[in-house]
1. Return a yes/no flag: does region 203-220 have any residue that is assigned to a helix (DSSP H, G or I), among the small types (Gly, Ala, Ser) and modelled with pLDDT of 95 or more.
2. I'm trying to understand the selection: among the residues of region 84-101, which are in a helix (DSSP H, G or I) and surrounded by 15 or more Cβ atoms within 10 Å (Cβ to Cβ)?
3. Got a number for residues in region 142-173 being under 19 Å from the mean Cα position of the chain (by Cα), surrounded by 17 or more Cβ atoms within 10 Å (Cβ to Cβ) and either modelled with pLDDT under 95 or of a type outside the set (A, V, I, L, M, F, W, C) (or both)?
4. Closer than 17 Å to Asp54 by Cβ, aliphatic (A, V, I, L, M) and in contact (Cβ under 8 Å) with a residue 60 or more places away in the chain, is that true of Ile112?
5. For region 122-138, which positions are buried (at least 18 other Cβ atoms within 10 Å of the Cβ) and part of a helix (DSSP H, G or I)?
6. Got a sec? Which of Ser189, Ser182 is modelled with pLDDT of 95 or more, more than 19 Å from the chain's Cα centre (by Cα), surrounded by 19 or more Cβ atoms within 10 Å (Cβ to Cβ) and not aromatic (Phe, Trp, Tyr)?
7. Among the numbered criteria (1) surrounded by fewer than 18 Cβ atoms within 10 Å (Cβ to Cβ); (2) touching a residue at least 60 places away in the same chain (Cβ under 8 Å); (3) acidic (Asp, Glu), which one does Glu223 miss?
Amino acid sequence: MSFLLAWWVSERIDVGELKAIFRQANSEFLFTALACYFLSFALSTLRSGYYLSDLGIQLRFTKGFRLYLLGAIGNIALPGGVGGDVYKAYRIRRFFSCPLTTILKAYFLERISGLWAIGVWLSVLSFWIPSLAHHGIPILAMFTAISIGYFLIIRRYFPQQAAGLVNKHLLSIGIQGLVSLSVICILYSQDKPFDAIPYLFGFHTSTILSVLNVGLSGLGVREFVMGYSAPWLRNDAALSVFTATVFWIISTVAAIPGLWELWRQNDSKDGKQEMAT
């Protein structure tokens with residue numbers, strides 16, 4: 001699916017213009033984009049720590065960070081973008097007496113909190129999208145109502161994960177804030193005027209849809225969504241596809257250190273001591 005969508009995009013944009021954009025990209029801004037995205041891994045590790053501690057699983061931050069890098073590699077290599085969560089749950093289950101399904105449920109709820117945070121960003125950004133601005137208040141009101149229902153469901157059906165609910169979701173908002181900074185840096189790597197808000201709106205929308213992708217970590221889906229929505233958002237189509245593609249490259253590069261953790265895994269008796277606090 002990834003390559004089919006990538007082909008669809010290439011048929012509908014000026015490939016020559018896209019190549020020119022890649023050639024003139026400012027490497028300093030791209031490196032800053034990579035740094036912002038990698039920093040989001042640290043906040044994600046803290047958020048995962050909250051969800052796991054609810055299960056009685058305590059991990060050192062350094063171990064949790066390396067485990068997160070392992071998951072990042074899995075999400076890139078395995079279809080659907082959730083393979084990394086399954087692998088992390090499997091690794092934790094080997095060293096802690098907690099059912100695999102319970103760990104997977106915690107990671108699922110963490111994923112949902114991330115999608116909720118994207119909803120926050122989209123609701124706020126909608127006030128500055130010309131075609132949505134007059135619907136801004138209804139959109140925000142609807143999202144607020146959905147959020148109330150969402151939090152009530154968590155407290156009612158997932159009481160074990162209800163502790164620290166505000167902190168978890170504030171971290172999710174912060175994570176998406178760092179991702180937004182990364183996207184803005186990618187845009188600034190081009191010496192051309194742009195309005196960041198419509199690009200961020202298209203990017204965060206594409207992130208939600210990329211969850212449905214069967215492919216390589218959203219490759220093709222973001223390009224498709226951002227390229228397809230460019231006329232409606234009044235964005236430059238080539239710049240939109242460039243932003244989506246470079247973000248995929250950055251997310252892949254940021255995950256590469258996880259290969260070292262994958263290589264150093266062993267089945268020694270020290271494994272539990274290394275995993276635990």
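1. no
2. Gly84, Asp85, Val86, Tyr87, Lys88, Ala89, Arg91, Ile92, Arg93, Phe95
3. 3
4. Answer is no for this residue.
5. Leu122, Ser123, Leu125, Ser126, listed by residue number.
6. Ser189
7. Among (1) surrounded by fewer than 18 Cβ atoms within 10 Å (Cβ to Cβ); (2) touching a residue at least 60 places away in the same chain (Cβ under 8 Å); (3) acidic (Asp, Glu), the lone unmet condition for Glu223 is (1).
The values are calculated or read from the model by the stated rules, or taken from the named source; none is laboratory data. This structure is a prediction, so every number in the text was calculated from the model and none was measured. Don't worry about glycine lacking a Cβ; one is built from the backbone with ideal geometry, like all the others, and counts go over all protein chains shown.
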